[in-house]
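Working notes, structure below.
Values in this text are rule-based calculations from the coordinates and carry no lab data. In this text, all values refer to a predicted model and were calculated from it rather than measured experimentally. Cβ sites come from the backbone with ideal geometry, for glycine too, and all protein chains shown count toward neighbours.
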């Protein structure tokens, strides 16, 4: 796949397969196209060349840095119900509780939440949606220590496939990736600890 904006080439010749349960981290300097690649995998943007071929039974959960997957006019609870319309109320509230929402918090409109609260809600809606592939763009930004610990725990225990963009070394270590993709060149390699030095530069 390739992507450009006008005369600005973001990346070329990226070839990526996300297998069932695989853990992949995407690294690159700012402007290398990490967010753009996730948006294409999520179906939000289209590549200029190449195709994205979804596997059978694929259900994607996309976490966007700007919380664009949330409806800011709906309450916390309503956002959750729209992600999982068939889930029982007690289960929805249980997931919200695990992401530190309780009591009157669930009746707040998403638009009045802090950045960290929006992050927690967006991730909770993904968990509730039963996605089997998570596309996560900087999921630990704006989080207080308790919220970050919850998110890292969820990453460690998630059994589906994950594609992660992050400047957070702890998030990458929690994911324990098998592969790394380096942008803008699209080079793919087996993960090793030497790549940890690139995370904070990314």
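Within segment 98-120, the residues that satisfy the criterion of being under 25 Å from residue 169 (Cβ atoms), free of Cβ contacts under 8 Å to residues at least 40 places away in the same chain and crowded, with 21+ Cβ neighbours inside 10 Å are 117, 120.
Looking at the structure I just gave you, is residue 51 over 22 Å from the mean Cα position of the chain (by Cα) and free of Cβ contacts under 8 Å to residues at least 60 places away in the same chain?
So residue 51 does not fit the description; no.
Within segment 11-25, the set of residues being buried (at least 19 other Cβ atoms within 10 Å of the Cβ) and more than 13 Å from residue 38 (Cα to Cα) comprises just one member, 23. Of the residues making up segment 176-195, those that are more than 20 Å from the chain's Cα centre (by Cα) and under 15 Å from residue 17 (Cα atoms) are 187, 189, 190.
Please go through (1) within 17 Å of the chain's Cα centre (by Cα); (2) surrounded by 15 or more Cβ atoms within 10 Å (Cβ to Cβ) for residue 32 and return the number of the only condition it doesn't satisfy. The number of the failed condition is (1). Set side by side, the residues 145, 139, 184 differ, and just one is farther than 25 Å from residue 59 by Cα and touching a strand residue (DSSP E or B) at 6+ places or on another chain (Cβ under 6 Å), which is 184.
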